[in-house]
1. Considering only 141, 207, 223, give the residue with the highest GNM mean-square fluctuation for the chain, with springs between Cα atoms whenever their separation is below 10 Å.
2. Among 36, 79, 23, flag the residue with its Cα farthest along the positive direction of the charge dipole of the chain, charges on Cβ as +1 for Lys/Arg and -1 for Asp/Glu.
3. With a sphere of radius 13 Å drawn around the Cβ of residue 297, what net charge do the other residues whose Cβ falls strictly inside it have (Lys, Arg +1; Asp, Glu -1)?
4. What figure, in Å² to the nearest 10, do you get for the accessible area of residue 70 with a 1.4 Å probe and non-protein molecules left out?
5. Over the heavy atoms of residue 101, what accessible area does a 1.4 Å probe trace out, to the nearest 10 Å²?
6. Heavy atoms of the protein only, probe of 1.4 Å, neighbouring chains included. What is the accessible area of residue 300 in Å², nearest 10?
7. Which net charge results when you count Lys and Arg as +1 and Asp and Glu as -1 among the other residues whose beta-carbon is under 14 Å from that of residue 226?
8. Quick one: ranking 214, 103 by accessible area, 1.4 Å probe, largest first, what do you get?
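The values are calculated or read from the model by the stated rules, or taken from the named source; none is laboratory data. Computed from a predicted model, the values in this text were never measured in an experiment. Backbone-built Cβ (ideal geometry, glycine too); neighbour counts: all protein chains shown. Each accessible area value is taken on the protein alone, full model and side chains, heavy atoms only, with ligands, DNA and RNA left out. Shrake-Rupley method; radii C 1.70, N 1.55, O 1.52, S 1.80 Å.
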Amino acid sequence: MAARDNVVEMPIKELVIERVFDAPRERIFDLFTQPGHLQKWWGPKMVGVPLAEFEARPGGKIFIAERGLDGTMVYIAGVVREIERPSRLVYAIHFADADRRRVAPPTHSGLGDAWDDEIVTLVTFSAEGRGTRVTIRTLSGFTAEWGEKARFGWAESLDKLGYAAVDDMTVAPQGEREILITRSFNAPRALVYEALTNPEHVKNWWGPRQYGAVSATADFRAGGRYRFAQGSPHGEVAFSGEVRESSPERIVYIEEFEAIPGHAAVTTVTLDERAGKTFMTLRSVYQSREDRDGVIGSGMEWGARLAYLQLDEVLEGMQ
């Protein structure tokens, strides 16, 4: 991760936050302006984004739904005022309801019930070596109390964006019946193993956070069983099975999607530690090519990518 943000409060109630990311500015600009990317990092830690709309053009509409761990929803609507890829973005936002009608700010926002302004933000993206300096300047529409909360919220959001910027997860079919996933984590192997197998940690990263709370039970030893489940727009999503091997170096387990019994896969996870980082290889072997291709076509990669970005957050907290 990059160094801490430089934060400057200006006499005209201007808040400026800067951070340098280890990625080219085209990639960082896209993370700010493409809905699928916004879902990965927008909002403080432990907040999910079930819906993000961002029309990357002058006059384009913005609508973002944030879901807290307790299920509380906050909606933000707005408009893009200026946009120049990959160097500049200006947008104005306010609070809304699920039907996109303007509402008073939430009581915890620090803006007050009578606030009816727009929060106007200028974001600039400057090349800095092989990286990108992002400068976020809030131009109008906030109180001193909101400024303190915004500083905290932006810091956590940019932490999440930093993970998304360097996300190196790969997903690829192998042979006739396999899926191979690789991913690195900036934490030692023992910690990654603990986060993968301890249900108290699994609850905080497994499944897209925007779908709500996760139920997790697990006994990760040979002969033990596990079950991870979460709600979704289409009903409960639950995976369960038997553990065949479990150690910080290698985990082998049966993975069955409970909604479609009889199509379980054998999954092997290997964890290799190098220079304080852990490199994970996850190989799932399905019963048929049709089963394997069905999993790939289900959107599995999207869910796994979000889950592992959430795991980055959990690992940081554990350290």
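1. 223
2. Final value for the positive-end residue is 23.
3. In short, -2.
4. We get 120 Å² for residue 70.
5. Approximately 140 Å² for this residue.
6. 40
7. -2
8. Greatest to least solvent exposure: 103, 214.
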